[in-house]
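Rule-based calculations on the coordinates, nothing more; no lab input. A quick note: this is a predicted structure, and the numbers were derived from the prediction, not measured. Note that each Cβ is placed from the backbone with ideal geometry, even for glycine, and that neighbours are counted across all protein chains shown.
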Amino acid sequence: MAEKFDSLEERLEKFLENLRQLGIVVGEFQPSSQAGLTQKLNFMVTGLQDVDKCRQQLHDISVPLEVFEYIDQGRNPQLYTKECLERALAKNEQVKGKIVTMKKFKSLLIQELTKMFPEDMAKYKAVRGEDPSP
């Protein structure tokens, strides 16, 4: 998988370099440099075709739209991963707290039901394979 990304990165770097050189040619355009401009434009077309060939190799890759929003805002896209992990950890702690609370509730409920309905709770615990003593 890494070599697919390396190939795309290499092609994009070549494309950007050709784009930079095209900008220089256009910025300093003289009628005598028309052949160089045409050559650079042809390199641009070829470069775009090369990048498009990489698209077929990477068609199964999905990037969350939020990553592009980070990039558009000038933020590091790796911050997206960090913030997702932080949100997941916070949610995990919240869920753990709910689980602990539910276990305590279950324990108290069984204690109270055992006080109120000892025979029924003994049957329940027997069915569950638990020790019937309170």
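When only the Cβ of Lys, Arg, Asp and Glu is charged (+1, +1, -1, -1), the dipole of region 13-118 relative to its Cα centre reaches about 900 debye. Positive-end ranking of N76, Q56, N92 along the dipole of region 36-126, with charges on Cβ about the Cα centre, is headed by N92.
For the chain, the longest principal axis of the C-alpha atoms and the axis of helix 118-128 are separated by about 40°. What is the helix-to-structure angle for 78-116, meaning the angle in degrees between its Cα long axis and the longest Cα principal axis of the chain, kept from 0 to 90 and rounded to the nearest 10? On a 0 to 90 degree scale, this one is about 10. Compute the FRET efficiency between K104 and E83 as 1/(1 + (r/R0)^6), taking r as their Cβ-Cβ distance and R0 = 35 Å, and round to the nearest 0.05. That gives a FRET efficiency of 0.65. Can you classify region 23-118 as rounded, prolate or oblate using the Cα gyration tensor, where a ≥ b ≥ c are the square roots of its eigenvalues, rounded means a/c under 1.5, and otherwise it's prolate if a/b beats b/c and oblate if not? Prolate.
Under a model in which nothing but the beta-carbon of Lys, Arg (+1) and Asp, Glu (-1) is charged, region 73-126 shows a dipole of about 100 debye around its Cα centre. Relative to the current alpha-carbon distance between L58 and S32, full extension at 0.36 nm per residue lengthens the span by 5.2 nm.
Taken along its principal axes, the alpha carbon cloud of region 1-78 reaches lengths of 47, 28, 16 Å, longest axis first. On full extension, the segment bounded by E93 and R20 gains 21.3 nm, given 0.36 nm per residue less the C-alpha separation.
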